[in-house]
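A.B. asks: Below is one structure. I have some questions about it.
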Number of protein chains: 2
Amino acid sequence: MDYANASPDAVRKLIRENKLIAQTSGMCNGYAQANMAILPKDLAFDFLLFCQRNKKPCPILDVTDAGSPIPHLTAPDADLRYDIPKYRIYRHGEMTDEVTDIEKYWQNDLVAFLLGCSFSFESPMLDAGLELRHITDNHNVPMYKTNIDCVPAGVFHGPMVVSMRPMKPADAIRAVQITTRMPYVHGAPIHIGDPEAIGIKDINKPDFGDASVIRDGEVPVFWACGVTPQSIAMTTKPPLMITHAPGHMFITDVLNSQLSIM
Amino acid sequence: MDYANASPDAVRKLIRENKLIAQTSGMCNGYAQANMAILPKDLAFDFLLFCQRNKKPCPILDVTDAGSPIPHLTAPDADLRYDIPKYRIYRHGEMTDEVTDIEKYWQNDLVAFLLGCSFSFESPMLDAGLELRHITDNHNVPMYKTNIDCVPAGVFHGPMVVSMRPMKPADAIRAVQITTRMPYVHGAPIHIGDPEAIGIKDINKPDFGDASVIRDGEVPVFWACGVTPQSIAMTTKPPLMITHAPGHMFITDVLNSQLSIM
């Protein structure tokens, strides 16, 4: 199957049947992919409020009703218990299992959060002819913990994680314009230039992902990153938390262009 | 005092001391005013999710921690028990009191929601030279219940309420451009033209507010309206719900321009 041009429905079917267990980058071109975090209902209000207060790192695409694995807004025919290629199970902040479905872990009090992912705003940047170094060089985008505190909500608090893409200044300006149109998936950058100004000591040593080369005449451009909410949820050591495995995202029926305001 | 050019802090102080009990339209030019709804914490998750799922009619500016009357994000020096000119108390969906402070009604499980208000997007339209008929003619904006269902969340469900402003087509196009920049306060219109297409039987008989004259060559332009969340919360007949009295809004420290993405 040509995954790049397949429909989300067709690819999710293969994933559901365990015929496709792989990272989802590059699949279903044009459709938004999502980070997932599942938490018990008694933590869900605080987590929803945390996401609401920190829209840039935590752009909510969908929240299921307690006990329901169906993401009605973004893929009403999907089932979040089966339709992600690989899941991670965390008990009290420790990873205890990695599985291809979560049927045996499902509980009636679980709420699933689907959060926007940077693939959605990278797509229009590529369409506009901007180079994205980590894609050119075929490695994971570099991500850093910053000294920027998220706005706390209930038990959830901690620093913002950012992703970085090196660009020539003119391309950085264009990137601001393009990502500004996408306030529901991270939006405009949160910083351009000096990494130390946001608490990053060594730009060549990312906390997550792989380092990108910054060439002469380029500046680092930083966006709020969807790793933030998972990283922060984990610090509260919830009794049960389920996430997608890195790179193994949920593919929605929503077009990236539907997440753009113009 | 020149209320139009006074600071939010100065005007809130007068309101807190009961020296100013009036509608807030036209006060503190440039600053965002907010609708308010206070609900018990056990309804707050569903209500927050409802607002999240229906961003256009329910644009959240701030949500207080349970039991705290302080809107930390939008006016950290304010106190929502005193700083609104007039409040309405509802018990099981029936209005039981209208008061100038809610000290005696405050409970440790209450959560206050501040929601964006159309003043914020009318201000840049006026700056751009567009005529807003209800302001020219000095009446309340006309509002209508539509046949557009909001996305339900838990106990909350019901139709979207819209506000209407008549405009010449070229002005309507400009209005789309201007309000698109403000996704956090209602954003772009949800409909232009034929009222019946969204279930409005008689454009001259609004469900709330006053009718606006539509002149030859003008089209009605409809925006999602902040009356929606209050109207929907009320239908669930919560044991206690507190709102601002119509037109008596909460004045925040946030500039309207800060709510614009460009």
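A.B. asks: Could you check region A:60-79 and list, in sequence order, the residues that are assigned to a loop (DSSP other than H, G, I, E, B) and in contact with a Pro (Cβ under 8 Å, 6 or more places away or on another chain)?
C.D. replies: From region A:60-79, those assigned to a loop (DSSP other than H, G, I, E, B) are A:64-79; that's our starting set.
A:64, A:70, A:75, A:78, A:79, listed by residue number.
A.B. asks: Take residue B:210 and tell me if it is more than 14 Å from chain A (Cβ to nearest Cβ), closer than 23 Å to residue B:34 by Cβ, acidic (Asp, Glu) and surrounded by fewer than 18 Cβ atoms within 10 Å (Cβ to Cβ). Talk me through it step by step, then tell me what you get.
C.D. replies: Details: more than 14 Å from chain A (Cβ to nearest Cβ): yes; closer than 23 Å to residue B:34 by Cβ: yes; acidic (Asp, Glu): yes; surrounded by fewer than 18 Cβ atoms within 10 Å (Cβ to Cβ): yes.
Here the answer is yes, as residue B:210 does meet what is asked.
A.B. asks: Which number in (1) surrounded by 20 or more Cβ atoms within 10 Å (Cβ to Cβ); (2) at pLDDT 95 or above marks the one condition that residue A:82 misses?
C.D. replies: (1)
A.B. asks: Name the residues in region B:44-69 that are aliphatic (A, V, I, L, M), crowded, with 21+ Cβ neighbours inside 10 Å and more than 8 Å from chain A (Cβ to nearest Cβ), would you?
C.D. replies: B:61
A.B. asks: If you don't mind, another one. Tell me, which residue of region B:14-29 that is touching a Ser or Thr at 6+ places or on another chain (Cβ under 9 Å) and surrounded by 14 or more Cβ atoms within 10 Å (Cβ to Cβ) is nearest to residue B:119 (Cα to Cα)? Even if it seems obvious, please write down each step before you answer.
C.D. replies: Of all residues in region B:14-29, those touching a Ser or Thr at 6+ places or on another chain (Cβ under 9 Å) come to B:15, B:18, B:21, B:28-29.
Right, trim to surrounded by 14 or more Cβ atoms within 10 Å (Cβ to Cβ) and you get B:15, B:28.
Values: B:15: 19, B:28: 11 Å.
Step by step, filter region B:14-29, then rank; the result is B:28.
A.B. asks: Of the conditions (1) on the phi < 0 side of the Ramachandran plot; (2) modelled with pLDDT of 90 or more, residue A:184 clears all except one; give me its number.
C.D. replies: (2)
A.B. asks: Given the criteria in contact with an Asp or Glu (Cβ under 9 Å, 6 or more places away or on another chain) and either within 17 Å of residue B:13 (Cβ to Cβ) or at pLDDT below 95 (or both), does residue B:75 qualify?
C.D. replies: Values: in contact with an Asp or Glu (Cβ under 9 Å, 6 or more places away or on another chain): yes; either within 17 Å of residue B:13 (Cβ to Cβ) or at pLDDT below 95 (or both): yes.
Here the answer is yes, as residue B:75 does meet what is asked.
A.B. asks: Now, a different point. Restricting to region A:214-241, give me the number of residues that are outside any helix (DSSP H, G or I) and closer than 30 Å to residue A:171 by Cα.
C.D. replies: Applying the first criterion (outside any helix (DSSP H, G or I)) to region A:214-241 yields A:214-226, A:236-241.
Add one more test, that the residue is closer than 30 Å to residue A:171 by Cα, and what stays is A:214-226.
Count: 13.
A.B. asks: Here's another thing I want to ask about it. Report yes if some residue within region B:169-191 is in a strand (DSSP E or B) and within 14 Å of chain A (Cβ to nearest Cβ); otherwise report no. Give the derivation first.
C.D. replies: Keep residues of region B:169-191 that are in a strand (DSSP E or B), which gives B:191.
Now drop any that are not within 14 Å of chain A (Cβ to nearest Cβ), which leaves none.
Within region B:169-191, not a single residue is in a strand (DSSP E or B) and within 14 Å of chain A (Cβ to nearest Cβ).
A.B. asks: Now for a separate question. Please go through region A:26-43 and give me each residue that is out of contact with any Pro (no Cβ under 8 Å at 6 or more places or on another chain), more than 14 Å from chain B (Cβ to nearest Cβ) and within 24 Å of residue B:66 (Cβ to Cβ), ordered by number.
C.D. replies: Pass one, region A:26-43, residues out of contact with any Pro (no Cβ under 8 Å at 6 or more places or on another chain): A:26-27, A:29-30, A:32-34, A:36, A:38, A:41-42.
Those still in the list that are more than 14 Å from chain B (Cβ to nearest Cβ) too: A:26-27, A:29-30, A:32-34, A:36, A:38.
The answer is A:38, and nothing else.
A.B. asks: Determine whether region A:164-175 contains at least one residue that is of a type in the set (D, E, K, R), within 16 Å of residue A:194 (Cα to Cα) and either assigned by TED's automatic domain parsing to the domain that holds residue A:224 or touching a Phe, Trp or Tyr at 6+ places or on another chain (Cβ under 9 Å) (or both).
C.D. replies: Residues of region A:164-175 that are of a type in the set (D, E, K, R), as a first pass: A:165, A:168, A:171, A:174.
Adding the requirement that they be within 16 Å of residue A:194 (Cα to Cα) leaves A:165, A:168.
Okay, now just the ones that are also either assigned by TED's automatic domain parsing to the domain that holds residue A:224 or touching a Phe, Trp or Tyr at 6+ places or on another chain (Cβ under 9 Å) (or both), so A:165, A:168.
So far as region A:164-175 goes, yes, one or more of its residues are of a type in the set (D, E, K, R), within 16 Å of residue A:194 (Cα to Cα) and either assigned by TED's automatic domain parsing to the domain that holds residue A:224 or touching a Phe, Trp or Tyr at 6+ places or on another chain (Cβ under 9 Å) (or both).
A.B. asks: Pick from region B:140-158 the residues that are crowded, with 20+ Cβ neighbours inside 10 Å and under 16 Å from the mean Cα position of the chain (by Cα): which of them is farthest from the other protein chains (Cβ to nearest Cβ)?
C.D. replies: B:142
A.B. asks: Right, something else. Applying the selection to region B:32-50, what residues are farther than 12 Å from residue B:184 by Cβ and in contact with a Cys (Cβ under 8 Å, 6 or more places away or on another chain)? Don't jump to the end; show me each part of the working.
C.D. replies: First pass over region B:32-50, keeping only residues farther than 12 Å from residue B:184 by Cβ: B:33, B:35-50.
B:33, B:35, B:50 - these are the residues of region B:32-50 that are farther than 12 Å from residue B:184 by Cβ and in contact with a Cys (Cβ under 8 Å, 6 or more places away or on another chain).
A.B. asks: Only residues in region B:1-19 that are farther than 12 Å from residue B:100 by Cα count as the first member; pair them with residues that are part of a helix (DSSP H, G or I) and of a type outside the set (A, V, I, L, M, F, W, C), Cβ under 7 angstrom, at least 6 apart or cross-chain, and list the lot.
C.D. replies: What qualifies is B:11/B:3.
The values are calculated or read from the model by the stated rules, or taken from the named source; none is laboratory data. Worth saying up front: this structure is predicted, and the values here are computed from it rather than measured. Neighbour counts are summed over all protein chains in view; Cβ atoms, including those assigned to glycine, are modelled from backbone coordinates with ideal geometry.
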